[in-house]
Every structure is written in C-alpha cells, then in structure tokens.
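Since every read-out is calculated from the coordinates, none of them should be taken as a lab result. Small disclaimer: the values here were computed from a predicted structure and weren't measured. Virtual Cβ from ideal backbone geometry, glycine too; neighbours counted across all protein chains shown.
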2 protein chains.
Amino acid sequence: MARIVIAGMGFGGLSAARTLAGSGHDVVMLDRNNYHLFQPLLYQVATAALEQESIAYPIRALARGWRGTSFRMAEIVSVDLESRRLICSDGELSYDHLILATGSRTNFFGMKNVERHAFDLKRLDQAETLRNHILLMFERAAREPDPARRSALLSFVVVGGGPTGVEFAGALRELILHVLARDYPEIDPSETRTVLVEAASGLLTAMPGSLGAYARCRLEQMGVEVLLASCVADADQTQVLLADGTSIPTCTLFWSAGVAAHELAGSLGVPCGSAGRVKILPDLTIGGHPEVSVIGDMACLEQDGAALPMMAPVATQQGEYAARAILGRIAGKAPPPFRYRDKGAMATIGRSSAVAVTGSSSFRGFLAWVIWLLLHLYYLIGFRNRILVMLNWGYYYFFQERKIRLITGTGSNSQPDSCRSRHA
Amino acid sequence: MARIVIAGMGFGGLSAARTLAGSGHDVVMLDRNNYHLFQPLLYQVATAALEQESIAYPIRALARGWRGTSFRMAEIVSVDLESRRLICSDGELSYDHLILATGSRTNFFGMKNVERHAFDLKRLDQAETLRNHILLMFERAAREPDPARRSALLSFVVVGGGPTGVEFAGALRELILHVLARDYPEIDPSETRTVLVEAASGLLTAMPGSLGAYARCRLEQMGVEVLLASCVADADQTQVLLADGTSIPTCTLFWSAGVAAHELAGSLGVPCGSAGRVKILPDLTIGGHPEVSVIGDMACLEQDGAALPMMAPVATQQGEYAARAILGRIAGKAPPPFRYRDKGAMATIGRSSAVAVTGSSSFRGFLAWVIWLLLHLYYLIGFRNRILVMLNWGYYYFFQERKIRLITGTGSNSQPDSCRSRHA
C-alpha cells in the first residue's frame, strides 16, 4: 500500500482524490482550509447573491464516502523532493507519490500600491470582505454631504476584462440597479459609476471576438463604462491612476487582471514558465521525479503550441489523469501523455444573459445563460448546496431581490473618516 | 411631523418601528449593524446548524416597506437628554421622541481572566468565531499525540444553565455525536467532554422545576456532565477553575451565565437597577423626560413584585407600547401603564426534545419541540429566511448531517502551539 498525498483540494485535487478513492492505497488530502471552494462563483458571494456556505463543501464530508482517504488541515511550507517529505505548518508528512495542486494567487505584477489598495477574489473571506466593503460604501455615501467624496464612495473600478472581471462587473451592476437602488432612497443609481478597465482591445479575449463584443454591449447597456486598451499604473485610498494619466476617484478597486502560480511552485528548484508555473512533462510529472505530479493552475504544459489555460476544467482533467497515472505506475505501466479535451468556456454577464463557446459553436443571450446555470448547478458539490443556490438564484430571478446584503464582522462598527482599504 | 428616533434594532426596536411605520412621522432607525439579528438562534450558527444569513435580516429591506422610516448605520456614543440629541460615531442626530433599545451585553461579573478566555454569544461574528474554534479543536485533536492536550482540545465547558446554556450544550452534543463523530474517524466521541456548570441547584430555574429536571436528564443522556451548585472562579488558556478548587482542562469556555444592560444605560445620569438596567416609569419613559422611552433588556420595570425578564417577548411588547404611547402623547393623550402579558417560555434540548411553559401548563418532549420549531419559524423575519431555516433543519433532522461546518476566515490558517482563545 503506497501513500499518495494530494496537496491542495481545489478542482484538481478533488478530481485526483475522487479517482484514487477505493484504490486500496493510503490517500491523504491536504488543504489549508477544511473545505473545497467552488471558486467560479466567488464573485456571487462578493455581490450578495450567494451565501458563503453555498459554494464551499467540507472535505471531511467527502472523505467519509471515499474509502481509504483521510484529511489533514495544514499549510504546506515546502517540499523536500529528495527525502519525499512535505514540510507543513504542523509537522512533516512523507509520501510515496505526491500530487501538487495548490493553485494560483493574484498577480499584481509588482505594483505594491495596487496590491495594498485592491480587492481580489481567491479566498472565501475575501468575498465576504468585498461584500461588506461595497455595502459600507453605500451606507457612508448615504450621509456624505461632500459631492466629490460621495462620488468616490459610489465609484467602482474593475480591472481585467476576463471572465472574472466581466462577471463581477455585471453582478455588481445588477446589485446596484435592482437591489441597492431600492435599499438606498438617498442615492440615485445614476450617481454610481462602474468602470471596467482592460489592457487588451476587447473583452473575453480567450473567446471569439463576437462574444467579447456582445459582452461589452450588454455591460454598457447596464451602465458599465468599458475602457479598452487601458492599464492601471497606480492607486491610493481615493483614486486609481491609469497609464495615460487619467485619474478615477474611487474607494473600490477590484483586481482580476492577473494570476500567478502558488508560491510553492518557485521553491521546488525545477524550471518555471510564465506566471511562475512549473514546467511539467507530458505525463504531468517533473523532471527526475516521476513520483511528483504537478497539476492545475500551478503547472505549465504546452498543447498545440500554447500553454493550457488556468481554468477549472484543465485542473479537473489533470487531476483524474495524474491519479490514474500513479495507479498505472504502481502496476508497472507507463501512462500515455496527457491531452486536454477542450469542452468550451463561458461567462455570465447578468440575469438572462451569458456567452458560451464549445467547439466551433458559440452561444450568447438567454440560452447561453440557461446552459451556464445548469452546468454550474451540476458541478456544485452536494445536493444541499445545489438546492440552496437554486433557491437563491430563483428568488433573485423572480423577485430581483437579494437577502444576503449583511455587513458582517466586527470591522463594520468602526467607520474612519477616509475611504478604507481592506488593509487599513 | 415629529422625528422619532429608535436606537437599536433588536426585537424591541423592530416592534416599535413596525408600529410607527406609516404614522406620518419621520421615523429614524439606528443600529451599529445593518441587520436585525434573531438572537435566540445564534447558538445554532455557533454549532454549524444554520448559516449566518438565515438569522439576520437587512434593516433597509424592512424600511422599504415601512412608509416614513429610514435607516442609519451608526454606533451611539452618548445621549444629550437636555438638547435632545444623539451623539453618534459619525455625527449627531436630534430627536423629538427617542426610543432607546440598545439591549444588553455579556456580564462576566468582573472576572477579567474569564472575559479574556471565554466565548459568548451576542453578535453574529461571535457565533462564526465560536463555530470556527470548535471545528479547529477537532482538527488539532485529530493529530495531537499527547493524551492530556488531546483531552483538553476535546473538552467543552458551558457556564450557565439558563436557556442559552442548555440549548448550546444540547446542540453541541448533537454536532459531536451525529456529525463530527463521522467526520473524524481519528476521534472517538467518548474522548470528548461537555460540562455544563450552573450556580443554582437546578437548570432552567425560570421554569417549573419538573422541566429543569427533564432538561438535565435529557442532557445527561446525551453525555453532558451537569454540575449544579458550581461556580467558575477563574480560567486560563488550558483550564477552567471552579470555586471548589476543581480544575477542568479545556480549550473552550462558553459563558452564558450573565447579562447586563448596554453601556449606554449607565451614561444617561438616571437611576439604574440590578445589571445596570435603567429604572423606568410604568409608561416606559425615564423620570423628567417623557420624550425618552427605554425598552427591552436595557430597561428595568417591576411587575407583580419582580423585574421583568430580559427576553425577546418583553422587548417586543414594550416596543409596540412605547410606539403607541408616543403617538398618543403627540395627540395629547396620556397612555395607560404598560403591562407585560406573559405568553410563556421555552427551550430546546436537542432533536425532537424541548421544554415549554405557558400559563399553568407545561410541555416537554416531542410536542414541545414541534411547538418550538413552528414558533421560531413564525417569528423569523422574511419568507426566504424561513425557507432556508426549514431546509437546514429538515436536512439535519432526516439525514443527521450539517453542511455548514466550514472553518472560515483568514485566522484559520495560523495554528499556534497552544490552545488559542478568541483574543489570542
């Protein structure tokens, strides 16, 4: 019986663990949190559409049904490739086979001021913090007499025109137009600004150009100002500065313009590609260590001349492959090289509106939105979570109302004079 | 048009605002949070049975439907009775009539060490913190080799045998026996201890003795050690010391043994009774200030020789009375004195088991539990919240499973060597 350790329980780790369960080996699942996070819906928690609990699933609840698996909540400090040990925050753990899947972090490209003042969405607590912040900006604006300060409180700058930026901007606009407009009679929705800043010349550049154009058109209809070919140069507590010198007065900067591999990738002593991702072999292992697979956002693998994108479907397929490859190796068989089967991509823009692409077909509008809805429900783990999410979405769809707009935490009581960033 | 300010949106403030809505006056609702909290179910959030969102309701969602009301999120610093102004964290607010309903806080009776190391349940964030802590104790115990430290991690001391202590101890026991026992194959439930410490000679002393005896019997069947006529004398990070010298090694001390009026009560310059509660006149106003009513936990009013209890029904009835009395005074009518109509009290002990008393009748067991369930659902604000709570309770009742057991927040990653209190 071999000990197979899976470090990181995102989409990749989850898929690997599911495949290895019941294989007769000792499968140890590691994560710094005690839950799997359905990251693609984090922006819905940040915009008060879903509860935290709806998009997080306790890993021990999975382990119950997966024979031979166990869970350990720990932060990984480093990997000792030679002695085949993980050094964790609470001790060591030796392995026979290792699947590294600790994912990615936000990339601010070295802009310290932006990093200090921006919100980003990687963790569950960040989504709650951002939700609290958005609602607090409205509470403050409601009694702010100074027009300039009031305008900054009600301006939201979203950086990055990929799926996260587009989905967040759309959801934020809906929150403002349909919910907060009724909650705050003191504020006219036309006083608010939502600005989407993208460095490229279009939105959703990974999809066909017509879908990006459709997304832009829909967002603009909802009142989003889309600035293409624009870059953020700097930021402080009261404004965002663009590279062309434009200053946007705002207390809220949301950053979704870059991701980089988890810090662990750089500490392995193996070659890394762009965004710090570990260069892996076609069987997803690293050179000289067939017992170590690296998968998901952490890993850089070229296919048909381009690096595979940092997306959940890639991680999921790699997780299953890595698990099967380990079982094959134990049985003395060499696995065939990994090949990603691209099933498409999608992004939702708002209620009844989305874009999707699969193979050579592309969809947009209501049908794409229904597909997005069903797929996300299907992939959400657990019957109860699906029911809860359906209930929230249904409630919102029919009543245009969100009931989760709570400002939680002890921090909500303190109200300093200036705009407050998450680090202040 | 008079300006009527309601300070505090607990049960009392909510009831007053509902009564004053549409009266043609300018009704301002103040609270330090942007939601009304259904406090009686806080212990269910702390034991992973309900989400935060299910027991909190945005006040602005209420204000939408209540004509003439508005909301302001602010902390009250002091009241200037002479100039009829509230001094808030973000400025001042003048009033013609004031209803003070800022409730109560936990009373540690001056025991600084206990205050430092104990968990209590007054705020929503405290419930989430306590839930995280309980789950974290199990995560740590699962890999703690030292038997003494492991035992302390798995020992939970609940102080106070009133409804909160009894309900929390019962819910904690169910969480451990039915959920965590399956989540943590590394831990045998018999390794865990739940100790309920009560200074009086029985539990639920506000109810008939037979119900207290029943509660004790049920809790002991569930494995709770009930220590009557026992007082806590001191506490540190690794133990609780009783007055008789007994030391209970534990990392978790839950305190529900006392409440005192909100700090504001003592700053008014009017006479206060026990627990710092403001002594009020039979029309709920304070002497010399017929324009200021004090209601709920903050107020001390004797009826039939005893002070009215600090309970939601008292606050609710006083809120409605104070609102009507203000409208009467504006119309030039003196209100009849307030009289509390006692409709009974209840406490739930576990799945299918509760005690209730109404008039001269008392109930216990399954029937009392069903009544408890229906009443709490009835009083929970909002259709969606009722559905969510029902869904959670139904799911738990039939599957004996809770899906909310997430360890959230950034704090969950850091794991110091010693047991950690909420302040560490």
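With the label put 7 angstrom out from Cα along the Cα-to-Cβ vector, B:GLU225 ends up 6.6 nm from the copy partners, going from closest to farthest. Across chain B, Cα pairs under 8 Å and at least six residues apart give a relative contact order of 20 percent.
At 37 °C and a viscosity of 0.692 mPa s, what translational diffusion coefficient does Stokes-Einstein give for segment B:28-93, taking Rh as the Kirkwood radius over Cα pairs? Give it in µm²/s as a whole number.
On the way: Rh = 13.7 Å.
Roughly 239 µm²/s, to the nearest whole number.
Look at B:VAL28, B:VAL294 and count the other Cβ atoms within 10 Å of each Cβ; fewest to most, that gives B:VAL28, B:VAL294. Going from the fewest other Cβ atoms within 10 Å to the most, the residues B:HIS97, A:HIS376 appear in the order A:HIS376, B:HIS97. Its relative contact order, with pairs defined as Cα atoms under 8 Å and 6+ residues apart, puts segment B:89-173 at 12 percent. Neighbour counts of other Cβ atoms within 10 Å put B:TYR378, A:TYR57 in the fewest-to-most order B:TYR378, A:TYR57.
Determine the dipole magnitude for chain A: charges of +1 sit on the beta-carbon of Lys and Arg, -1 on that of Asp and Glu, nothing else is charged, the reference point is the Cα centre, and the result goes in debye to the nearest 20. It would help to have the intermediate numbers written out before the result.
Values: 41 positive and 39 negative charges, 222 e Å.
That gives chain A a dipole magnitude of about 1060 debye.
Within 10 Å of the Cβ of each residue in B:55-65, the mean number of Cβ atoms contributed by other protein chains is 4. Based on Cα contacts under 8 Å between residues 6+ apart, segment B:47-129 shows a relative contact order of 15 percent. With chain B treated as a Gaussian network of Cα nodes joined by springs under 10 Å, which of B:ALA260, B:ALA334, B:ALA275 yields the largest mean-square fluctuation? It is B:ALA334.
So what's the back-of-envelope 222 nm ellipticity for chain A, counting only DSSP H runs of four-plus at -39500 (n - 2.57) apiece and dividing by all residues, rounded to 500? Write down the numbers at each step before the final one.
Numbers: 11 runs with 128 residues, N = 424.
Calculated mean residue ellipticity at 222 nm is -9500 deg cm²/dmol.
With the label put 7 angstrom out from Cα along the Cα-to-Cβ vector, B:PRO185 ends up 6.0 nm from the copy partners, going from closest to farthest. Among the residues of A:83-95, the average count of other protein chain beta-carbon atoms within 10 Å of the residue beta-carbon is 1. Note on A:SER190 and B:ARG386: their simple-model spin labels are 4.0 nm apart, each label 7 Å out from Cα toward Cβ.
A label point on B:ALA206, set 7 Å along the Cα-to-Cβ line, lies at 5.6 nm from each of its counterparts in the other copies, closest listed first.
When both bridge partners sit in chain B, DSSP labels roughly 50% of those beta bridges antiparallel.
Within 10 Å of the Cβ of each residue in A:177-190, the mean number of Cβ atoms contributed by other protein chains is 2. Of all beta bridges that DSSP places with both ends in segment B:20-160, some 70 percent have antiparallel geometry. For the protein assembly as shown, the antiparallel share of DSSP beta bridges with both residues in that region comes to about 50%. Look at where the Cα atoms of segment A:356-373 and of segment A:12-76 average out, and the two centres are 28 Å apart. For segment A:112-159 and segment B:105-122, what is the separation of their C-alpha centers, rounded to whole Å? The distance from the Cα centre of segment A:112-159 to that of segment B:105-122 comes to 34 Å.
As an exercise, use a Förster radius of 30 Å and the Cβ-Cβ distance of A:LEU228 and A:PHE366 to find the FRET efficiency, rounded to the nearest 0.05. After rounding to 0.05, the efficiency reads 0.70. For segment A:258-319, a/c is less than 1.5, where a ≥ b ≥ c are the root eigenvalues of the C-alpha gyration tensor. That puts it in the rounded class.
Please state the charge dipole magnitude for the protein assembly as shown, taken about the Cα centre, from unit charges on C-beta atoms (+1 on K and R, -1 on D and E), reported in debye and rounded to the nearest 20.
Numbers: 82 positive and 78 negative charges, 363 e Å.
Charge dipole of the protein assembly as shown: 1740 debye, to the nearest 20.
The residue in chain B that lies nearest, by its beta carbon, to the axis linking chain B with chain A is given here with the distance in whole angstrom as B:GLU51, 3.
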